[in-house]
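Notes to accompany the following structure.
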Amino acid sequence: MELANIEKLVIKYKNGTTSLEEESILRNYFTGESVAAHLQEYVPMFTYFTFIKKESFDKNVQLKIEKPSNKNRKFLSVAASIVLLLTSVFFKKKRMIGIRQKNNLHR
Amino acid sequence: MNESDFLKVISPFKDKVFRLAKRLLVSIEEAEDATQEVFFKLWKNKEKISDYKNIEAFAMTMTKNFCYDRLKSKQAGNLTLVHTNYKGKETPLEKSIEYKDAVNIVHSLIEQLPEMQKIIIQLRDVEQYEFEEICDMVSMKPIAVRVALSRARKTVRNALTKQQNYGVS
């Protein structure tokens, strides 16, 4: 592609009026070997656009999501009920011991 | 539509969703979460999918909206986004230092653009969507899209020219 043509396309590109085909001509030119000195600033731009497009989402898309917050809540509620159970057992025992001691005193 | 059909439908554009999310949310982890969330929502609404004219455009719009909401709640929580160099899973190790510099410089220049310009330059110059598709995704008129794109391109280009002229990196 002649330089004059590229220059025209660059102006269109800056104005946001190039078509996708014209943009691919520019991309090929600016990621190629010989770029005119006065257009050097477009090399990093088009290099970047091409590079960043290679990044991919390489995790599996999960369609059944167990929300971690719900899991935590479940765990918390189980833990809380265990604590409650233990304390009530503990206090009952204490009371029982207290009653027994009282009874012993009365004897 | 069963699970494997759905996964087949989304496979051509799941990377695009991820890249748009990363463009807006910066961090890889956040972008992965956003991608996951968008596809999960889409899957839950799968009965309506045949109605959508263009499921890809719909997914991109969802991604944009989801990321906007995330950004808003971040700002509310006084968390600021840290602008950093490009962080990818694959660093261009095999490439020259100039190549890496070019990628980093352009990346940080785009990060400084207003949100809408970021989205539009991503959709056009990276993902190569047609203008009509972009108008659909961002619900803007064609002229407004072209103006935003033109501003974004000029800003990046002018900054690069300055850097080259003064030899500042």
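The values are calculated or read from the model by the stated rules, or taken from the named source; none is laboratory data. Note that the coordinates shown come from a computational prediction; the quantities given were computed from them, not determined experimentally. Please note: Cβ atoms are built from the backbone with ideal geometry, for glycine as well, and neighbour counts cover all protein chains shown.
A residue that is closer than 23 Å to B:Ile120 by Cβ and either part of a helix (DSSP H, G or I) or at pLDDT 75 or above (or both) occurs somewhere in the range B:73-87. For B:Asn104, the criteria (1) closer than 21 Å to A:Thr18 by Cα; (2) modelled with pLDDT under 95; (3) among the polar types (S, T, N, Q) hold in every case but one, which is (1). Please verify whether the range A:67-84 includes one or more residues that are surrounded by 10 or more Cβ atoms within 10 Å (Cβ to Cβ) and closer than 30 Å to B:Gln122 by Cβ. Checked the range A:67-84: no residue is surrounded by 10 or more Cβ atoms within 10 Å (Cβ to Cβ) and closer than 30 Å to B:Gln122 by Cβ.
Among the numbered conditions (1) within 12 Å of chain A (Cβ to nearest Cβ); (2) part of a helix (DSSP H, G or I); (3) modelled with pLDDT of 95 or more, the only one that B:Gln164 does not meet is (3). Beta carbons closer than 6 Å, at least 6 apart along the sequence or on distinct chains, pair a first residue in the range B:99-123 that is farther than 18 Å from B:Ala59 by Cα with a second that is surrounded by 18 or more Cβ atoms within 10 Å (Cβ to Cβ) and of a type in the set (Gly, Ala, Ser) for B:Leu113/B:Ala152; B:Gln117/B:Ala148; B:Gln117/B:Ala152. Taking the conditions exactly as written (within 11 Å of another protein chain (Cβ to nearest Cβ), assigned to a helix (DSSP H, G or I), in contact with a Gly (Cβ under 9 Å, 6 or more places away or on another chain) and closer than 28 Å to B:Gln75 by Cβ), does B:Arg124 satisfy them or not? For B:Arg124, the condition - within 11 Å of another protein chain (Cβ to nearest Cβ), assigned to a helix (DSSP H, G or I), in contact with a Gly (Cβ under 9 Å, 6 or more places away or on another chain) and closer than 28 Å to B:Gln75 by Cβ - is met.
Residues that are assigned to a loop (DSSP other than H, G, I, E, B) and within 34 Å of the chain's Cα centre (by Cα) were ranked within the range A:33-58; the one that is nearest to B:Ala159 (Cα to Cα) is A:Glu41.
Taking (1) part of a helix (DSSP H, G or I); (2) within 12 Å of chain B (Cβ to nearest Cβ) in turn, A:Ala4 satisfies each apart from (2). Test B:Glu115 against the criterion of being surrounded by fewer than 17 Cβ atoms within 10 Å (Cβ to Cβ) and touching a Pro at 6+ places or on another chain (Cβ under 8 Å), and give yes or no. Spelling it out, it is not the case that B:Glu115 is surrounded by fewer than 17 Cβ atoms within 10 Å (Cβ to Cβ) and touching a Pro at 6+ places or on another chain (Cβ under 8 Å). For the structure I just gave you, tell me whether B:Glu47 is modelled with pLDDT of 90 or more and either part of a loop (DSSP other than H, G, I, E, B) or surrounded by fewer than 20 Cβ atoms within 10 Å (Cβ to Cβ) (or both). So B:Glu47 fails the test.
Within the range B:24-44, being crowded, with 20+ Cβ neighbours inside 10 Å and out of contact with any helix residue (DSSP H, G or I) (no Cβ under 7 Å at 6 or more places or on another chain) holds for one residue alone: B:Gln36.
Since A:Lys12 meets every condition but one in (1) at pLDDT below 95; (2) out of contact with any Phe, Trp or Tyr (no Cβ under 8 Å at 6 or more places or on another chain), which condition does it not meet? Here A:Lys12 clears every test but (1). Checked against (1) in a helix (DSSP H, G or I); (2) in contact with an Asp or Glu (Cβ under 9 Å, 6 or more places away or on another chain); (3) of a type in the set (S, T, N, Q), B:Ser150 passes all but condition (2).
Of all residues in the range B:1-17, exactly one satisfies the criterion of being at pLDDT 95 or above and either under 12 Å from B:Phe66 (Cα atoms) or more than 16 Å from the chain's Cα centre (by Cα) (or both), namely B:Val17.
Candidates in the range A:12-38 are the residues that are under 18 Å from B:Ile121 (Cβ atoms) and of a type in the set (A, V, I, L, M); of these, the one that is farthest from the other protein chains (Cβ to nearest Cβ) is A:Leu26.
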